[in-house]
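What follows is a short report on a single structure.
The values are calculated or read from the model by the stated rules, or taken from the named source; none is laboratory data. Model, not experiment: these values are computed from the prediction. Cβ coordinates were reconstructed from backbone atoms using ideal geometry, including for glycine residues, and neighbour counts include every protein chain displayed.
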Amino acid sequence: MKQAYLIGVDLGTSSTKAALYTTEGRLVAEVTLEVPLYYPRPGVVEQENDDFYTTAAQTVKACLQQSGIDPHQVAAIAFDSQMAGIGAVDEDYRPAIRFDSWLDMRCQPYIDYLNAHHAEQITRLTGCPPTCDHGPKILWWKEEQPEAYRRIVKFLTPSAYVAGKMAGLRGEEAFMDVTFLHFTGFSDAQRGVWSAELCSLLGVDQNKLPRIVEPWQVIGEVKEQAAQDFGLVAGTPIAAGCGDTAANALGAGITRAGMLFDVAGTAAVLAGCTDRFVADTAHRALLTMRSVIPGLWHPLAYIAGGGLALRWYRDQFYNTGRGQPLPAENDLYAAMIAEALKAPPGCDGLFFSPHLGGRICPAAPEMRGAWLGFSWGHTQAHFIRAILESVAYEYAYYLSILRELVPGLQWQEARVAGGGARSGHWNQIKADVLGVPYRALQGSEFGAWGSALIAGKAAGLFTDLAAMAEKHARLIEPACLPDPERHSLYIPLVERYIHWQERLDRGFRTS
């Protein structure tokens, strides 16, 4: 019997990555291409829907050419994509508007309106407080661009656009998988349906919202034109796919309640895994996303510039010593973190607020970064360690809300991916602050593998996604175990950090 292969394609904000895997999870080929972002005027960030299709086709074709495999051996293909932006198609599945990126802030007045008048209902039903996502963007198109709004047959995401175009769908057949529902502003996410209550309340035509599907649902087969574009065989099954965060969590093996997933990248994301839907109506900090695994949910929150804050300090202030040249980038970060370890846990009372571009969770766009409590005795080591600890403190705040919402759940393990995962010392600081063991994953991105797993289920090659994801999760041993003494030391410091964030929030709102 010939070896079967799976293709997963990650449609990110600035790049598209295609990867070809065996059904046992071995990476055969991987290709990445940049995707353009367009800035026609201040505050506006758009993308071309067909740039997602073109780069997906080019990367998949390149993977097949590099591997030399027979395209008949590809069992299925699936896509994941960036989640908070929204596109739209007309009746012929042609782009009705440019893709409205999650970076585009034209909808800010509508975010403010929703937060002022309907935040409780939206958070309770969707699991996500009003933010820069589909809901405010759809309202912007409805109110500010009525002619374009009338052209729109269905709103949809990049993964659905590319998959649907490959399959030759009509506009009425557009779809959205369940992992995007929290970002829509118009869903009853727990039931997996559109909310007639929210659509009526906000005056949005529910007929413009796509059908809702499961990630592994086969939405069609590769048509002849797409087969030529992608180098695939016509008739290859196409799965619906999912959101990129959901795909990454699946690819990392986050498949049991009580697990945490830390994406330690430019942004710092902490996602939990629970066996029930929770809505953070009290704090409006957590966004609750449906997992690809049925019955599981990922309440998550993030810092817009977690790893970026460390890079900012490196570029503006880091000094290796008198006349010493700077090492290569990875060695430079290692040197900075080694320097940070010269300072004690808690940094002798120094705190850093990492929200240099505004706080995301909960939404406080007026906030900026801050150093608090420094004195004559603080050194460069203290300032670097304070940045590392600030990410852990922010995570501890998110975890405290999770413990309120799911009081009986024991948090057993955190898995960490991204550039920051390479630092065992930073992982240890997080483990000590959170009181949860930390395990690093090999690699920095798991979205394409998560999509490939979904493709495998769609093709019927396996049925238990959770077991497959757990079996093939690439963990680095040993785990960083929390030190009980340091954890006890950090508990009051986390409380003080939360107190300072509340004070800073009030201060920036009134400044």
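The table that follows gives values for the structure above.
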| item | result |
| --- | --- |
| Top-ranked residue in the stretch 472-499 [being over 14 Å from Ser400 (Cβ atoms) and touching a residue at least 60 places away in the same chain (Cβ under 8 Å); ranked as nearest to the chain's Cα centre (by Cα)] | Ala473 |
| Residue match in the stretch 349-372 (condition: touching a residue at least 12 places away in the same chain (Cβ under 8 Å) and in a helix (DSSP H, G or I)) | yes |
| All positions within the stretch 356-413 that are in contact with a Gly (Cβ under 7 Å, 6 or more places away or on another chain) and surrounded by 20 or more Cβ atoms within 10 Å (Cβ to Cβ) | Met367, Val391, Leu402 |
| Where a residue in the stretch 71-98 is farther than 23 Å from Glu221 by Cβ and in the same structural domain as Gly235 (by TED's automatic domain parsing) and its partner, wherever it lies, is in a strand (DSSP E or B) and of a type in the set (Lys, Arg), with Cβ under 7 Å and at least six apart | Ala88/Lys154 |
| Residue within the stretch 401-413 that is at pLDDT 95 or above, closer than 20 Å to Arg311 by Cα and not in a helix (DSSP H, G or I) present | no |
| Pick from the stretch 114-136, criterion of a type in the set (Ser, Thr, Tyr) and at pLDDT 95 or above, ranking: surrounded by the most Cβ atoms within 10 Å (Cβ to Cβ) | Thr126 |
| Residue check for Ser488: in contact with a Cys (Cβ under 8 Å, 6 or more places away or on another chain), more than 15 Å from Met259 (Cα to Cα) and modelled with pLDDT of 95 or more | no |
| Residue selected from the stretch 8-25 under the condition over 23 Å from Tyr161 (Cβ atoms) and in contact with a helix residue (DSSP H, G or I) (Cβ under 9 Å, 6 or more places away or on another chain), by the criterion surrounded by the fewest Cβ atoms within 10 Å (Cβ to Cβ) | Glu24 |
| Matching helices (runs of 4 or more DSSP H) fully within the stretch 132-192 where at least 1 residues are polar (S, T, N, Q) and closer than 18 Å to Ala458 by Cα | 158-167 |
| Test for Gly43: is it surrounded by fewer than 15 Cβ atoms within 10 Å (Cβ to Cβ), small (Gly, Ala, Ser) and either at pLDDT 95 or above or assigned to a loop (DSSP other than H, G, I, E, B) (or both) | yes |
| Residue satisfying condition, being free of Cβ contacts under 8 Å to residues at least 12 places away in the same chain and within 28 Å of Gly295 (Cα to Cα), within set Thr510, Thr463 | Thr463 |
